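Novice: Quick one: the structure is below, questions incoming.
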Amino acid sequence: METNRPLFRPTRLVTAMGGGLLLAAGVLTGCSPEPETRSAEKTPLGVAEGTNTTERFADIPGGDVVARINGSPLYKENLEVVKDNLGAAVPQERLVSRMVELRLLANQARDEGLDADPEVRARVQNAIDNQLANAYLTRYVANLEIAEDDLQAAYAEVEAEYADNVQYRARHILVETEEQAREILGELEGGASFGDLAKENSTDSGSAEKGGDLGWFNLDQMVAPFAEAVGALAPGETGADPIETRFGWHVVRLDDSRPTPAPSFEDMRPELEDHVRRQAVNDMIAELRGDANVEILASDVSSIVERDAPAADTDETSNGFDGLPAEPLKAMP
């Protein structure tokens, strides 16, 4: 019988473990303040008007200089960062050429005052924060020690969730009309073999060869009328009436039911480790937030923060920025 849903509906814990953290963006930003005194007038970002907010280059102490552009050094480390993010082999000379052009364009933007533009400066600050936060989180996770007891506790949650789900093993005989189905029910009441009738009459060739046996399945695999009929039966019981679905008419018998078996601990170990790491990151960020003095000054922003705040007793996450601080950065190795 054709099914319309996956075998297992993901549990809350498994869903949370499967997710990644948010993507880290800018990789070419190297910025530090360079004060000028052309004006004391403030911009929307709160710095003096005309202040040059980015240097001509980011100094990398001990870095390996591979080129100079109007005196500003281009480091091998700059190239390596770009290579890592491209994820593909790029000829060194081509990469250097493009980086030179990038530096020239960036310096031209500075000459024309674009580095004082509020939106540009906001993007630069976001890129700096993102890179630093990713670097910190990567190091934090790399140094994290995972205790076996924590893995066992996480696995116990998985087992408990699987225990709440039931699998069924059922047989069916699929025919085209209700009249045919009721005739088969009459033969069954007269003592005919369900398996023999399935082989002789069922249009579901896959299960007919096995006496109508559909094997083990979860109800959410099956179309709703069929699932409801199976769920209402006791093991060994045949439905008193045929069931109609888009496939035709079914005579249904439930052979057995059992709790859904959980994957083994070893099979789940990578997911469990990821879950424990994620929980440690969540706890660390929650501690940072608890120690911080955060003032949300705009009422519209405050309402959004309150609406999107994750519940304290869940590690469910969603796409984009929803669910922060549960998934702040994509730095999990």
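Novice: Place a +1 charge on the Cβ of each Lys and Arg in the stretch 166-259 and a -1 charge on the Cβ of each Asp and Glu, then give the dipole magnitude about the Cα centre in debye, rounded to the nearest 20. Before the final figure, lay out each step's value.
Specialist: Numbers: 8 positive and 18 negative charges, 76 e Å.
Charge dipole, the stretch 166-259, about its Cα centre: 360 debye, nearest 20.
Novice: Would you please give the residues with an amide H less than 5 Å from that of V66, counting only those at least 5 places away or on a separate chain, with H modeled from the backbone geometry?
Specialist: L74, Y75, K76
Novice: Further question on the same structure: How would you rank 202-211, 104-113, highest first, on the average number of other Cβ atoms within 10 Å across their residues?
Specialist: Values: 202-211: 15.6, 104-113: 13.1.
Highest to lowest by the protection proxy: 202-211, 104-113.
Novice: Can you list the HN-Hα couplings for the stretch 215-230, worked out from phi with the Karplus curve (6.51, -1.76, 1.60; θ = phi - 60°), rounded to whole Hz and with x for Gly and Pro?
Specialist: x, 7, 8, 9, 4, 6, 7, 9, 4, 3, x, 5, 4, 4, 5, 5
Novice: While we're on this one: Residue by residue, what Karplus-based ³J(HN,Hα) values in Hz, rounded to whole numbers, does the stretch 144-159 have, using 6.51, -1.76 and 1.60 with θ = phi - 60° and x for Gly and Pro?
Specialist: 6, 9, 9, 7, 4, 4, 5, 5, 5, 5, 5, 5, 4, 5, 4, 4
Novice: In addition: Tell me which residues come under 5 Å, amide H to amide H, from T245 once H is placed; ignore anything under 5 positions away on its chain.
Specialist: H250
Novice: I would also like to ask the following. Which cross-chain or sequence-distant (5 or more) residues have an amide H under 5 Å from the amide H of D255, H modelled 1.01 Å from N in plane?
Specialist: Under 5 Å from the amide H of D255 lie the amide H atoms of R169, A170, R171, G236, each far enough along the sequence or on another chain.
Novice: Determine ³J(HN,Hα), in whole Hz, for all residues of the stretch 264-279 in sequence, where each value follows from phi through the Karplus function 6.51 cos²θ - 1.76 cosθ + 1.60 and θ = phi - 60°; x replaces Gly and Pro.
Specialist: 5, 4, 5, 5, 8, 3, x, 5, 5, 4, 4, 5, 5, 4, 4, 5
Quick note: the coordinates plus some simple rules give every number you see, no bench work behind them. No experiment lies behind these values; they were computed from the predicted model shown. In this analysis, Cβ positions are derived from the backbone assuming ideal geometry, glycine residues included, and neighbour counts consider all displayed protein chains.
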